[in-house]
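First comes the structure, then the notes that go with it.
The values are calculated or read from the model by the stated rules, or taken from the named source; none is laboratory data. None of the values given here were measured: they were computed from a predicted structure. Neighbour counts are summed over all protein chains in view; Cβ atoms, including those assigned to glycine, are modelled from backbone coordinates with ideal geometry. Side chains included, ligands, DNA and RNA excluded: accessible areas come from the protein's heavy atoms. Shrake-Rupley method; radii C 1.70, N 1.55, O 1.52, S 1.80 Å.
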Amino acid sequence: MRIRIAVAIGLALVAAAVGVSLARSPLVLAGSDGTPLPTEIGATSVPATICQGEETVPAGTSVMRVSLLSLLGPRIKLVARAGGQVVTTGEIGYGWTGSVVMIPVRRVVGAHPHTTICVTLAKRQQLVNMRGANTKFAPAVTEGSQVLPGRMRFDYLRKDDRTWLSLALPTARRIGLAIGGGAGIVEIPLALLLSIASLSSWLLVRDLR
């Protein structure tokens, strides 16, 4: 009896977790500075602050994607200022990896042109490469007033107005149009899969005595 109850609770928790995930909104691109990414404009393995001006932060931004490359990146603090006022701040902990880093920030109210964004890399003996493009227009600058040969790439993400659940049908339709057969070619197998999962779960709980 106890095993039956435990399995039932576990299945209920899984269903609840799936429901919560589907009720959330995906991140969408709100804007970008459009800087190409073929070039390394700098690198550091010691604590550093890099600032870049002439950025436009779109309204609703809740995540900033920065073109920093590291195998095991340090903690990063981000501050965006425009007209002497703090537009938003954010932070990500040690351990990120890849060619870009996603930094959650306080949601931005209104668009802010001519913004200067500073990212501070905490003390960590791990090489961090700054990627972007060589340019003389408003290049990035380190805290020691060292002017870098170009600009980093900044992308601005916000939460979509729709949830993952509301996007399911349009996504199925697009997949169906891409491979032929319409939305049904995705919806029918998915419905069958959910039915099988539900039936299997019910039988498992029923047969556990």
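Within the range 109-144, track down each residue that is open to solvent by 90 Å² or more (accessible area, probe 1.4 Å) and out of contact with any strand residue (DSSP E or B) (no Cβ under 7 Å at 6 or more places or on another chain).
The answer is 109, 123, 124, 125, 136, 137.
Taking the range 44-57 only, how many residues are modelled with pLDDT under 95, of a type in the set (A, V, I, L, M) and open to solvent by less than 50 Å² (accessible area, probe 1.4 Å)?
Residues that pass the stated criteria total 1.
Suppose we filter 124, 131 for residues that are under 15 Å from residue 68 (Cα atoms) and part of a loop (DSSP other than H, G, I, E, B); which single one remains?
Step by step, each of 124, 131 is checked, and only 124 is under 15 Å from residue 68 (Cα atoms) and part of a loop (DSSP other than H, G, I, E, B).
Considering only residues that are open to solvent by less than 30 Å² (accessible area, probe 1.4 Å) and in contact (Cβ under 8 Å) with a residue 40 or more places away in the chain, look in the range 98-108 and name the one that is farthest from residue 84 (Cα to Cα).
Out of the qualifying residues, it is 103.
Mind checking which residues of the range 84-106 are on the phi < 0 side of the Ramachandran plot and assigned to a loop (DSSP other than H, G, I, E, B)?
93, 94, 96, 97, 99, 100, 106
Can you name every residue in the range 80-94 that is out of contact with any Pro (no Cβ under 8 Å at 6 or more places or on another chain) and more than 18 Å from residue 123 (Cβ to Cβ)?
Of everything in the range 80-94, those that are out of contact with any Pro (no Cβ under 8 Å at 6 or more places or on another chain) and more than 18 Å from residue 123 (Cβ to Cβ) turn out to be 80, 81, 83, 84, 85, 86, 87, 88, 89.
What pairs come up if the first residue lies in the range 83-96 and is free of Cβ contacts under 8 Å to residues at least 40 places away in the same chain and under 22 Å from residue 112 (Cα atoms), the second is open to solvent by 40 Å² or more (accessible area, probe 1.4 Å) and part of a loop (DSSP other than H, G, I, E, B), and their beta carbons are under 8 Å apart, counting only those six or more places apart or on different chains?
From the range 83-96, the pairs are 88/106; 88/107; 89/106; 90/106; 91/75.
Do you know which residues across the range 38-70 are over 18 Å from the mean Cα position of the chain (by Cα) and in a loop (DSSP other than H, G, I, E, B)?
38, 45, 46, 47
Of everything in the range 44-64 that's among the β-branched types (Val, Ile, Thr) and in contact with a Ser or Thr (Cβ under 6 Å, 6 or more places away or on another chain), which residue is farthest from residue 116 (Cα to Cα)?
49
Before we move on, is residue 80 buried (at least 19 other Cβ atoms within 10 Å of the Cβ), closer than 23 Å to residue 146 by Cβ and modelled with pLDDT under 95?
No, not satisfied.
Which residues, counting only those in the range 145-160, are open to solvent by less than 30 Å² (accessible area, probe 1.4 Å), outside any strand (DSSP E or B) and modelled with pLDDT of 90 or more?
Hit for the range 145-160 is 148, nothing else.
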